[in-house]
Structures are given as structure tokens and as C-alpha cells.
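Student: One structure coming up, written as C-alpha cells, with questions to follow.
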Amino acid sequence: MHIGGEVDVRSAYCAAAVASLTNVLTPALFAGTAEWIARCQNWEGGIGGVPGMEAHGGYTFCGVAALVILKKEHLLNLRSLLHWVTGRQMRFEGGFQGRCNKLVDGCYSFWQAGLLPLLHRALHARGDAALSMARWMFDQSALQEYILLCCQCPAGGLLDKPGKSRDFYHTCYCLSGLAIAQHFGSGDLHHEVVLGVPENRLQPTHPVYNIAPEKVVKAVMHFLQQPVPGLEAAG
Amino acid sequence: DEIGLIPCPEARYNRSPIVLVENKLGVESWCVKFLLPYVHNKLLLYRQRKQWLNKDELIDITCTLLLLNPDFTTAWNVRKELILSGTLNPLKDLHLGKLALTKFPKSPETWIHRRWVLQQLIQENSLPTVVNKGNLGAAPVERIHRLVQEEMNVCSEAAGRYPSNYNAWSHRIWVLQHVGKLTVKVLLDELTSTKYWVSMHVSDHSGFHYRQFLLKSLIGRTVNDDNTLVRNQMVNEQNPSLQKEEEGQGAEAPGVEEWNVDISRYLEEELDLCTDLIDTYPGHETLWCHSDETFHNSHPSPATSHMAQAMDVDGLNESSSKQGYTQETKRLKRAPMQDSFGPEMEYRFVDKVLSTCRDVDQARFATAYRKWLVSFLGQ
């Protein structure tokens, strides 16, 4: 994660996200990375921090998103991953838990629910005929209910679960999750499900980078116009 | 052996806020808002080269800081420098970390630093002339064993202080992989010593995941090439060279079959444990998950071997684990799998649960497990 720091799947995602947006992504830079991430998928179907670890929502998102960027999603067992993540939506609360047998947490609205657009895309690319053309494979309304009814702080901001205090991290990821739950697809194939009043509608977010899709396009275009730095420049 | 904060919003008496009772250190809360910024500032000034601190002062200041906030990476890094320069005994940091974890059992930076320290100690240990930094003059193997045991204790304590403590259990796995070298002995010891703990923490998914890790590592260890038995028995603290493994290969072949039988026994015991706990504590998803997976492992098919192989936890490179694949499936199939915990028993167990349970969640898990059994065994 930083020099002398921890090594886990998050850094692979950070590196892949930055490299792809700034147009410095080369096969050499990520040689072996995709295979290493695939080894982080375990018997539960989800992905852990490093090979051997327990499956965890945050790490799973980072792993899958990194593989999407590297175009190597097929290295994973997508079926067991789908089974694991869909099992993480809580039937009573509507929100998601980070790991089996743990409590619901607003931030997993993004880390977990955000996996479904990625999986949808990967399965679609494989020619899966059973995929919906209107909905993600999780209960979008139930998630929105959890976020809107349980995760808002009356003074503004969002949080983990009722009783917790607000913070920027939870505000960011509850809102990101809400955006995912409200918007299916993109472009021509775009379906919206907005719970409550129309004012609840958020702008869509890019499922890989979690920034506005237009911003992703802008960033990519911008860096494409820059000269790519040679290796010597990285002194 | 433990630290804590004593809620005490005002300094009523003119006395030190430090309280030491029966080897437990308490700090009255009122002083933290003075103490923490003071030491924090001192350290930052040192780092910015605006104010010098000698090594004793550095040790004291970082120690104080880390007991108040162990996620302060800079403080740990200062101690890394002190260790590397030889002025600080790495064992002290293990002790400091252990203390910090009594109050902050999740602290990521504490666990990360701990792994760095252990790596330093392992490297030291593998040098031909080992420098005794305050260690007792024990043999290298004994030292490693003690380190591993201590880490297991620290992890266990931290796991008890916070439910499903991901960082503690991850660290435990890391220690077995990198310090314990996943020897059969250490895996079996851990299987025994964690059995009681998981029975007392039936919703702790991390605890049960750890047992899956142990069982899978055992499967990997005993069903892989003969090479691995050499490593187990010699408990070699150095990374065995490829040459050494090849030398030992022929001699250990007879041992493989006896380990195979044991694996079935451990898996069967695990299923028994699951069954008991599921009966005793209805409605815990973790127990069903664990049961699923254990059953899965006792009846491997080519499809599941892929997953088992993908779970290669001992860090071998990709090509060697893929080579092990076909040998692994062949040996698993040859091993005498007892029918006593076969499908019939599982169906009977599930049906019994369904007919007698009153817990809604338990019924749901049992139904799902039954469906899964049908589809899995139908293959």
C-alpha cells in the first residue's frame, strides 16, 4: 500500500485504477497481478486480502474491479462469487454485510452491491442468456430502503447503521451504493428504480472507478493526449 | 499485561494519572488530551529535524504514543529504524504490540508492524551465527516454535476481544505460513487448540474460516508430492532449496498413505463438531457454511479440486501448484474415504433438524443445505 507497508488486494486495485485512467497501464506493470488476485478467491466464493484469507466485501470489490480493468475477470469462479455476494444481502435489513454472519453496514452498499454490475458485465461478455436487461442481481429497492431509512444522520451525512455516528467514508459509500441501486445499465439500456420521491435520485456512478462516468471519459481523454512517460522518467 | 483507559473526566486530586494494579496499566482519561498532543508534537518535530531526541527518549515517546494510538504508523516506523540500527530489541516491540492489542484488538498498523518484526527475527534466526538479542540460548527450532506459540496466544486473545476479528485471524494464518511453515505438526496442534474456542464463538466466521484453512492446508500437505513430508519432519527454518526436496523424495513415500487416512478422520471429526454445534446452537449461518465446506472437502470431485488447488496457501509458484493438480486428485480418490459420514448420514441429519427445530433461521439454513446436498451429490 505504501513503501514498507502492507501488501493486499486493495493496492492492486489502486494501481490498476490509476494506471488505466492515466494511460500508463502496460502488461509488464501488471505481470502476474491478475493471477495473484485470482488466488485470493477462496472456498466461500468471495475474495480475501491475500491468498488464504477470509472472503471480505471490501477486498472482493477491489479484486474484481482490478480484474475488470485488467480484462481478466474470467480467471475467477464467477458462479461461486455470485453465490457469495448475493448471500450477503440481509433479508431483514435490506443492506449488505461484509462477511458471512456479520452485521449489516451501510458502506457495503457499495463494496458488495457494486459487485453486481461488474458481474453482470462479465457474464454478459460470456454470452449468458439468462441475464436480466432491467435489473441487477440484488434487491435494489430493499437496499435503497436500508440506506434512506436507516443510514441517514438527521444533521446530515450518512452512516454504518442506526446508532453509529456519521463520517465521510460512510457518507461516500452509502451514497455510492444508493447510486448503484438506482441505476441499471447505461446509455440505451438504462433503467432507473428510485425509491421515494424523485428528489432521491442520484447521478449514476461508474461501477469500476466510482466516479461519475463522464469524469472517467474526461480523464481517459485527457491522458490519452499526454505523452506517455518513459521508464527513465520514474527516477 | 493489559492497558486501559479509566473514565475520569476531571483531575480531582493532585496525583499521577497513571494507575498500575496487578500488572495492569490504566490511564485516567482526563490526561489524554494533554499527553497525546504533547508526545505527538515532540515526535513530529523530531521527524522534521527541528528538535533532536536521543534513542531513549525516542523509545519512550513512541511507546507512549502507541499505547494511546497504535495506528500511528510514523511511531512504528521510528521504532523500525531503531531496530535496524541495533538500538532496540525487536522482542520489545512484540511486547508493546501485545499490550496495545489488549485495548485495540483490531489495530491494523500494530499487526502490520508485528509481521515486519517477525520477518526480522526469522532472518536473524536463519543466519549461521545467530546473534542472541536477549533470547535465551535455545536452538533455532525451539525459538521459532516459541515465537509461533506466542503469536497464536496473541491472536487468540485479540480474537476474543472483538468478534470476527479479521486482522487477528489473518495474522494467525500469516504466522503459520511464514514462521510455522505450515508443518503438519503445527496444523494439527492448531486444529486441537482452536476447537474449544470456536465452540464458544459459534458466530465467529473468522474462527471457522481458520479451521477451513487448517484442514485445507493439511489436505495440501499430505496429498501433495512426497517432498512436503521432508519439510514437515525437519521443520527447516531456512527455505528448503529445490535440490534438498528432490533428495528426500524417495525415502518418504511410505509415509504418505498413513497421512491420507488421518485426513479423513479429521474431516469426519470436523463434521461431528459442526453437527453438535448446529444442534446446540440453532440459527448460526457460519456453522452451516462450515459444515457445507467440510462435507465438500471430504467428497472431492474434479470440479472441487480446482477450488482446493486455487486455495494454494503456502505460496508455491503457479506452475508447481498446477503440476500438483492431477496427482492431488488421484491421491484423494485412492484414499480410503469412510462411508460412515457419507451422504445418508447428512440427509438424516438435515431431515432431523428440519423436523425438530423451531428457529426460523435454522430451518432456512437446513433447507438450503438440503438443496445443496441434492445438487452436489447429484453430480
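Student: What do you reckon, is B:LEU94 at pLDDT 90 or above, open to solvent by less than 40 Å² (accessible area, probe 1.4 Å), more than 14 Å from every other protein chain (Cβ to nearest Cβ) and over 24 Å from B:VAL198 (Cα atoms)?
Tutor: Values: at pLDDT 90 or above: yes; open to solvent by less than 40 Å² (accessible area, probe 1.4 Å): yes; more than 14 Å from every other protein chain (Cβ to nearest Cβ): yes; over 24 Å from B:VAL198 (Cα atoms): yes.
Yes; evaluated as a whole, the condition is true for this residue.
Student: Would you mind listing the strands (runs of 3 or more DSSP E) fully within the range B:1-57 where at least 3 residues are open to solvent by less than 50 Å² (accessible area, probe 1.4 Å) and in contact (Cβ under 8 Å) with a residue 12 or more places away in the chain? Steps first, answer last, please.
Tutor: Values: elements: B:2-6, B:18-21, B:24-28.
Once the strands (runs of 3 or more DSSP E) in the range B:1-57 are filtered for at least 3 residues that are open to solvent by less than 50 Å² (accessible area, probe 1.4 Å) and in contact (Cβ under 8 Å) with a residue 12 or more places away in the chain, what remains is B:24-28.
Student: Can you tell me which residues in the range A:89-105 are part of a loop (DSSP other than H, G, I, E, B) and either free of Cβ contacts under 8 Å to residues at least 40 places away in the same chain or over 28 Å from A:ARG126 (Cα atoms) (or both)?
Tutor: From the range A:89-105, those part of a loop (DSSP other than H, G, I, E, B) are A:90-95, A:98-103, A:105; that's our starting set.
The answer is A:MET90, A:ARG91, A:PHE92, A:GLU93, A:GLY94, A:GLY95, A:CYS100, A:ASN101, A:LYS102, A:LEU103, A:ASP105.
Student: Output the residues belonging to the range A:165-223 that are within 12 Å of the chain's Cα centre (by Cα) and open to solvent by 50 Å² or more (accessible area, probe 1.4 Å).
Tutor: Scanning the range A:165-223 gives a single hit, A:ILE211.
Student: Then there's this: Restrict the check to the range B:59-73 and report whether at least one residue is acidic (Asp, Glu), open to solvent by less than 50 Å² (accessible area, probe 1.4 Å) and away from every other protein chain (no Cβ under 14 Å). Lay out the reasoning, then the answer.
Tutor: Keep residues of the range B:59-73 that are acidic (Asp, Glu), which gives B:60, B:71.
Subsequent filtering for residues that are open to solvent by less than 50 Å² (accessible area, probe 1.4 Å) retains none.
Among the residues of the range B:59-73, not one is acidic (Asp, Glu), open to solvent by less than 50 Å² (accessible area, probe 1.4 Å) and away from every other protein chain (no Cβ under 14 Å), which makes the answer no.
Student: Now for a separate question. So which residues in the range A:74-87 are surrounded by fewer than 23 Cβ atoms within 10 Å (Cβ to Cβ) and assigned to a helix (DSSP H, G or I), if there are any at all?
Tutor: A:HIS74, A:LEU75, A:LEU78, A:ARG79, A:SER80, A:LEU82, A:HIS83, A:THR86
Residue-wise test of (1) within 12 Å of chain B (Cβ to nearest Cβ); (2) surrounded by 19 or more Cβ atoms within 10 Å (Cβ to Cβ); (3) more than 19 Å from the chain's Cα centre (by Cα).
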site	(1), (2), (3)
A:THR22	no, no, yes
A:ILE37	yes, yes, no
A:GLY45	yes, yes, no
A:PHE61	no, yes, no
A:VAL68	no, yes, no
A:LYS72	no, no, no
A:GLN89	no, yes, no
A:GLY95	no, yes, no
A:SER109	no, yes, no
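Student: To continue, here is another question. Among the numbered conditions (1) farther than 21 Å from B:ASN167 by Cβ; (2) over 14 Å from the mean Cα position of the chain (by Cα); (3) open to solvent by 10 Å² or more (accessible area, probe 1.4 Å); (4) more than 10 Å from chain B (Cβ to nearest Cβ), tell me where A:ASP105 comes up short.
Tutor: Single failed check for A:ASP105: (1).
Student: If you don't mind, another one. Of everything in the range A:1-20 that's open to solvent by less than 50 Å² (accessible area, probe 1.4 Å) and within 14 Å of another protein chain (Cβ to nearest Cβ), which residue is nearest to A:LYS72 (Cα to Cα)? Let's see the steps before the verdict.
Tutor: Kept after step one, since they are open to solvent by less than 50 Å² (accessible area, probe 1.4 Å), are these residues of the range A:1-20: A:5-6, A:8-9, A:11-13, A:15-17, A:19-20.
Filter again for within 14 Å of another protein chain (Cβ to nearest Cβ), leaving A:5-6, A:8-9, A:11.
On the way: A:GLY5: 26, A:GLU6: 24, A:ASP8: 18, A:VAL9: 15, A:SER11: 17 Å.
Among those that are open to solvent by less than 50 Å² (accessible area, probe 1.4 Å) and within 14 Å of another protein chain (Cβ to nearest Cβ), it is A:VAL9.
Student: Could you please find all residues in the range B:293-307 being at pLDDT 85 or above and either more than 22 Å from the chain's Cα centre (by Cα) or not hydroxyl-bearing (Ser, Thr, Tyr) (or both)? Write out each step before concluding.
Tutor: Looking only at the range B:293-307, we keep the residues that are at pLDDT 85 or above, and these are B:293-294.
Answer for the range B:293-307, where residues must be at pLDDT 85 or above and either more than 22 Å from the chain's Cα centre (by Cα) or not hydroxyl-bearing (Ser, Thr, Tyr) (or both): just B:GLU293.
Student: Taking the range B:192-204 only, how many residues are buried (at least 18 other Cβ atoms within 10 Å of the Cβ) and either touching an Asp or Glu at 6+ places or on another chain (Cβ under 9 Å) or of a type in the set (Val, Ile, Thr) (or both)?
Tutor: Summing the residues that are buried (at least 18 other Cβ atoms within 10 Å of the Cβ) and either touching an Asp or Glu at 6+ places or on another chain (Cβ under 9 Å) or of a type in the set (Val, Ile, Thr) (or both) in the range B:192-204 gives 3.
The values are calculated or read from the model by the stated rules, or taken from the named source; none is laboratory data. Computed from a predicted structure; not experimentally measured. Counting neighbours? That spans all protein chains shown, and the Cβs are built from the backbone with ideal geometry, glycine included. Ligands, DNA and RNA are excluded from the accessible area calculation, which covers all protein heavy atoms including side chains. Shrake-Rupley method; radii C 1.70, N 1.55, O 1.52, S 1.80 Å.
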